[in-house]
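Chemist: One structure, as C-alpha cells, below. Some questions next.
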Amino acid sequence: MNNFTRRTLVKGGTAAVAAGALTGPALLEWAKAWAQNAPWKPEKNAKLSMLRWKYFVQSEDDAFVKLIEAFTAATGVKVDISRESYEDVQPKASVAANTGTGPDLFWGLYSLPHLFPQKCVDVTDVADYLGKKYGGWVPSAVTYGKSGNKWIAIPICYSGNMINYRIEASTKAGFSKVPDKTDGFLEYAKAMKKNNTPGGFALGHASGDGNGWVHWCLWSHGGNTVDKDDKVILNSPETAKALEYAKALYAEMIPGVASWNDASNNKAFLAGEINWTDNGISIYVAAKKDPSKKQIAEDMDHSYWPVGPIGKPTELHLMYPAMAMTYTKYPQACKALLAFMLEADNFNPWIQSAQGYLTHCLNAYDKNPIWTADPKNTVFGQAAKRTLTAGGLGSVGEKAATAIADFVVLDMFANYCTGREDVKGSIAIAERQLKRIYR
Amino acid sequence: MTIALEQAGTKRVMRDATAWERLKTNREWLSLWFMLPAAAFLILFLAYPLGLGVWLSFTDARIGRSGVFVGLENYEWLWDDSTFWLSVFNTLLYTTVASTIKFAVGLYLALLLNEKLPFKAILRALVLVPFIVPTVLSAIAFWWLFDPQFSIISWSLKKMGLITANIDFLGDIWNARWSVIFANIWRGVPFVAITLLAGLQTVSPSLYEAATIDGATPWQRFRFITYPLLTPIIAVVMTFSVLFTFTDFQLIWVMTRGGPVNATHLMATLSYQRAILGGQLGEGAAISTAMIPFLLAAILVSWFGLQRRKWQQGESND
C-alpha cells in the first residue's frame, strides 16, 4: 500500500470497525500513517512507562503487547509496560500521585483518576476526537471520564460482571433461564437450593464480584448511598428492603460466602460446588480452555442481572480508565498513546483477543464480532450501556472511590446477612462512615 | 595534656595541647562520629516515618493531596467508630491468646530440646522452619487449608466420617478468629522456642546438681532455678513476640483481608485499608498511632515486671 492519505485513513477506519484487524506490515503502515496525521506529536526522545492491571486472559495481554509495539514502531516512542494485580494499581497510583514520580500512565479501576484529579493530564481533546470518530461515548463513560468540564482520563474498557449459571441444574429446578425480576430470582435461588444445586455471591471483601452484587441489590430496590448533591441518603426504607432481600438470598446460598474474595466463586463454580454466581466471562473462558471442564462450558450460560422494583437495570460493572499523570515529561506522547489504543484497527483485535472479558464504551464498537461469535458472549457486550456509575446518583469522585475501596456498602450487607447487626445497626454504621467520607 | 616534641639535638620542649588536638582524642567526640551513620540510618528510616505518621494523624491528608491540621478530629471520629473498636478488640484478643499459647508451647519445646536427644541439631533446625518460611507463603498455604470449599482438613474429616459438611473456617466470625490465631501460633512458636532454648543453655548445671542433691523435684527445679534465671530472656522474647503479633499484617491480609465482616481486622490491616486503599491518610495514620499506647504498655510491663530484679542488674539480691 503506497498511497496512504488522510482520505484512505478515514475510509479504512470506518470500514475496519466491523471488519476487524489489520495485521503485520499492514498494521505497521497504518500506524505510521496514523502517527503522521494524529494531532498529538510525541515529544522528541519520548519514553513512556505505563502501569496496567494484570491481564485476566493471556491472549489479551499478547494483543496489547503487539499494539504497543506498533505504536513504538510508528512513533519511535518506547513504552515500558508493567503489570500489577488490579487491586494493587490504585495504591501504587496513589503513591505516585503523592510523591510526583512514577509511571507516566496508569490504567486502573473505576474512579481512580478521581482520587487525584489535579494530578491527571487534561485529555479532553483526545476524548472529543474519539467520541466524534466512533459514535459517541456511553453515558457512564462520560461520567467516569470527566471531572467538571474536562476529561481527566480516557475510559478504555469495561469488565462486565453478569450472572453465570448452569443450564441443566436450572432446568431441573424449573427455570429455563434466569428470571429477569428480583422476586423471580429469589424463587430461582430457593428452588436451586432445594435441589441441592445452590449458588452464591461473594460477601467477603471481593472488590469486583462482591461490590457488583451488593450495589445491584441496593440500587434495584431504590436505595442509594447519596443523592445527586452528594448528600447521604442511605437511611431509607428502600435500603431496608434491599437488606431484607439480600438476607433472604443469603439463606439460599452455599455456606462460606462471607470469606469469599474475587477468585473464590470462580474456583467453586468450576469445581461444580455452586451453580449460579456473578462473575465476568473468566469462568466460561477457563472452562472452554480446560478439556476436563468442557462439560461445564457447554452447560453454562450468562444472563443480565434481574431488574428490581425500581424498574430499570441497575448494574455495576468495573471500568478501566487510563490516565496520564501531570508529572510526566511527555504529555503529548501520552495523549498519542491513549488515542492510539482506541483506534479501530487496534481496539477491535484487542477486544476480540480478550474473548469477551472486556467491553467497549464507544458505540461504534457494538459491531465487534466477538459479541456475535458465541451467543453466550452477547450479554457482556451491553455491560457499558447497562451500568450505573460508582457512587450511584452522586458524583464519581474521590468520595465514591473511597466508599467502594472501604467496602462500606458491602460490609453493610455482610453485617446484616451474617447476623452481626440488625437492619438499623447495619445501616447506621454504613451511614456514619458515608457521612464522614462525603463531608 | 602535654605533648613532647622531639627535635634532634635540642632540648625537649613541652607545650599544652591545642584545643583541636584535645578534641581529636576526646572519647566522646570520637564516639559521636562513629555512631553518626547508624544514628542517621535509624532517624531517617525509623524516627522520621514515625514522627510523620503521628503528624499525619492530626491532619486530614488524603492520598494525592496534603492536608491541613485538624487537631484531634480523626481521633474524635474514631472514638465513635464501631469498626475501629472492633479492630482494637480483635487485636487485643489476637495478641493475648496467640502470645500466651506461643509462650507456653515455646517454653515446653525449649525444655524438650534442652534434653539429651538424638539428632538434636536437625530437630532444632526443623523446629525453626515455620519461622523462616516467608510469611506470605505460609499464609497462602493456610488460606488453602482453611478454604470453605476445598480445605484438606474438611475433606479428611469427611472421609473419616466425623463431619458431614465442610467446615466454614474463614466465613464464620469466631472460626475465622481461631484460624488466624492458629496460623500465627504456628508461625511464631519457633522464635520463642529457639530463643528460650538459648537462654536455658546459660543456666549453670551446677545449680541443678546442687538442687538435686538437696532433693528437689523436677517441678521445684523448674520453679526455683530455671524460671527465675530465664526471666530476662522471657522478657526480651515476649516483648518482641507481643510487638510482632500486635502489629501483624501479612497473615491477616492474605488469609481474610480483615473479614468476614471485619471480624479479623487488626489495627494494622484496618489502617492500611482506610489509608492506602480508601485514600484517607489522616484517618489511617490515626489508627496506626493509636497502637502506640498499647505497645508502650507492653514494653513497660516487660521492663518493670521482669527486668528490675536487683540481681539482674548486676547487684546482689535483697
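Chemist: In whole Hz, with x marking every Gly and Pro, tabulate ³J(HN,Hα) for the stretch B:210-224 from phi via Karplus 6.51 cos²θ - 1.76 cosθ + 1.60, θ = phi - 60°.
Modeler: Result, ordered by residue: 4, 5, 4, 4, 6, x, 6, 7, x, 5, 5, 4, 5, 6, 9 Hz.
Chemist: Grab the other residues whose beta carbon is less than 12 angstrom from that of A:E69, score K and R as +1, D and E as -1, and report the net. Numbers along the way, then the final one.
Modeler: Details: positive: A:K66, A:K78; negative: A:D62.
Here the count lands on +1.
Chemist: Enumerate the amide H contacts of A:V79 below 5 Å, restricted to partners 5 or more residues apart or on another chain; note that Pro and chain-start residues carry no placed amide H.
Modeler: Amide H neighbours of A:V79, under 5 Å, 5+ apart: A:L48.
Chemist: Using a cut-off of 13 Å between beta-carbons, work out the net charge of the residues near A:H221 (Lys and Arg +1, Asp and Glu -1, A:H221 not included).
Modeler: Working: positive: A:K181, A:K241, A:K247, A:K312; negative: A:D183, A:E238, A:E244.
Spelling it out: positives minus negatives among the neighbours equals +1.
Chemist: Can you tell which of B:M255, B:N74, B:W186 lies farthest toward the positive end of the dipole of chain B, using +1 and -1 charges on the Cβ of basic and acidic side chains (Lys, Arg; Asp, Glu)?
Modeler: Highest projection toward the positive end goes to B:W186.
Chemist: Under 13 Å from the 7 Å Cα→Cβ point of B:I292, by amide nitrogen: which residues of the stretch B:53-89?
Modeler: B:53-59
Chemist: Let me ask something else. Just to be sure I understand: with springs between alpha-carbon atoms less than 10 Å apart, which residue in B:I185, B:I140, B:I163 has the highest mean-square fluctuation in the Gaussian network model of chain B?
Modeler: Of B:I185, B:I140, B:I163, the Gaussian network model singles out B:I163 as fluctuating most.
Chemist: Next question, about the same structure. Between beta-carbons, use under 12 Å as the cut-off and find the net charge around A:I429, counting Lys and Arg +1, Asp and Glu -1. Don't skip to the end; give the middle numbers.
Modeler: Working: positive: A:R420, A:K424, A:R432, A:K435, A:R436; negative: A:D406, A:D411, A:E421, A:D422, A:E431, B:D80, B:D81.
Summing Lys/Arg as +1 and Asp/Glu as -1 gives -2.
Chemist: Another question, then. Report the residue, chosen from B:S204, B:S288, B:S151, that carries the largest GNM mean-square fluctuation when chain B is represented by alpha-carbon nodes joined by springs under 10 Å.
Modeler: B:S204
Chemist: Hey, fewest Cβ within 10 Å first, where do B:R257, A:R420 land in order?
Modeler: Values: B:R257 22, A:R420 19.
So the residues, fewest neighbours to most, are A:R420, B:R257.
Chemist: What whole number of Å gives the distance from the Cα centroid of the stretch B:136-201 to the Cα centroid of the stretch A:200-267?
Modeler: Computed from Cα coordinates, the inter-centre distance equals 30 Å.
Chemist: I would also like to ask the following. Sequence gap at least 6, Cα distance under 8 Å: using those rules, report the relative contact order of chain A to the nearest whole percent. Write out the running numbers ahead of the final one.
Modeler: Numbers: 823 pairs, mean separation 117.3, N = 439.
Relative contact order comes out at 27 percent.
Chemist: Pull up all non-local amide H partners of A:I310: gap of 5 or more, or a different chain, and H-to-H distance under 5 Å with H placed in the peptide plane.
Modeler: It is A:G222, by chain and number.
Chemist: Counting only helical runs of four or more DSSP H residues, what would the 222 nm mean residue ellipticity of chain A come to if each run contributes -39,500 (n - 2.57) and the total is spread over all its residues? It would help to have the intermediate numbers written out before the result.
Modeler: Numbers: 20 runs with 207 residues, N = 439.
Calculated mean residue ellipticity at 222 nm is -14000 deg cm²/dmol.
Chemist: Could you identify which residue out of A:S140, A:S259, A:S49 has the top mean-square fluctuation in a GNM of chain A using Cα springs shorter than 10 Å?
Modeler: Evaluated over chain A, the most mobile residue of the options is A:S259.
Chemist: Using a 7 Å offset from the Cα along the Cα-to-Cβ direction at both B:F244 and A:K177, what is the distance between the two label points in nm, to one decimal?
Modeler: Once both label points are built, they end up 5.8 nm from each other.
Chemist: Would you list B:D16, A:D299 from fewest to most Cβ contacts within 10 Å?
Modeler: Numbers: B:D16 10, A:D299 16.
Ranked by crowding around the Cβ, least crowded first: B:D16, A:D299.
Chemist: Please order B:F146, B:F119, B:F131 by the number of other Cβ within 10 Å, starting at the fewest. Write down the numbers at each step before the final one.
Modeler: On the way: B:F146 26, B:F119 9, B:F131 17.
Fewest-to-most ranking of B:F146, B:F119, B:F131: B:F119, B:F131, B:F146.
Chemist: Moving to a separate point now. Give me the angle, in degrees from 0 to 90, between the Cα long axis of helix A:408-417 and the longest principal axis of the Cα atoms of chain A, rounded to the nearest 10.
Modeler: Helix A:408-417 sits roughly 20 degrees off the main axis of chain A.
Chemist: Size of the dipole of the protein assembly as shown about the Cα centre, Lys and Arg at +1 and Asp and Glu at -1 on the beta carbon, nothing else charged, in debye to 20? List each step's numbers first, then the result.
Modeler: Working: 71 positive and 62 negative charges, 242 e Å.
Computed charge dipole of the protein assembly as shown: roughly 1160 debye.
Chemist: So which of A:K92/A:K146; A:K66/A:K92; A:K150/A:K335 end up more than 19 Å apart by C-alpha? Walk me through the intermediate numbers first.
Modeler: Working: A:K92/A:K146 22 Å; A:K66/A:K92 25 Å; A:K150/A:K335 14 Å.
Beyond 19 Å: A:K92/A:K146; A:K66/A:K92.
Chemist: Turning to a different aspect of this structure: Return the sequence-ordered ³J(HN,Hα) values of the stretch A:173-180 in whole Hz as given by the Karplus equation 6.51 cos²θ - 1.76 cosθ + 1.60 applied to θ = phi - 60°, using x for Gly and Pro.
Modeler: Using θ = phi - 60°, the values come out as 7, x, 10, 7, 8, 5, x, 9 Hz.
Chemist: Sticking with the crude label model, points 7 Å out along Cα→Cβ, report the distance from B:E21 to A:T72 in nm, one decimal please.
Modeler: 6.7
Chemist: Can you give the relative contact order of chain B as a percent, counting alpha carbon pairs under 8 Å and 6+ residues apart? Display every interim value, and only then the final one.
Modeler: Working: 355 pairs, mean separation 77.5, N = 318.
Here the relative contact order equals 24 percent.
Chemist: I'd like the Karplus ³J(HN,Hα) series for the stretch A:132-147: coefficients 6.51, -1.76, 1.60, θ = phi - 60°, whole numbers in Hz, and an x wherever there's a Gly or Pro.
Modeler: 5, 7, 10, x, x, 8, 6, x, 5, 5, 4, 4, 5, x, 9, 10
A short reminder: the numbers here are calculations on the coordinates, not readings from a lab. As the structure is a computational prediction, the values presented were derived from the model and not from experiment. Backbone-built Cβ (ideal geometry, glycine too); neighbour counts: all protein chains shown.
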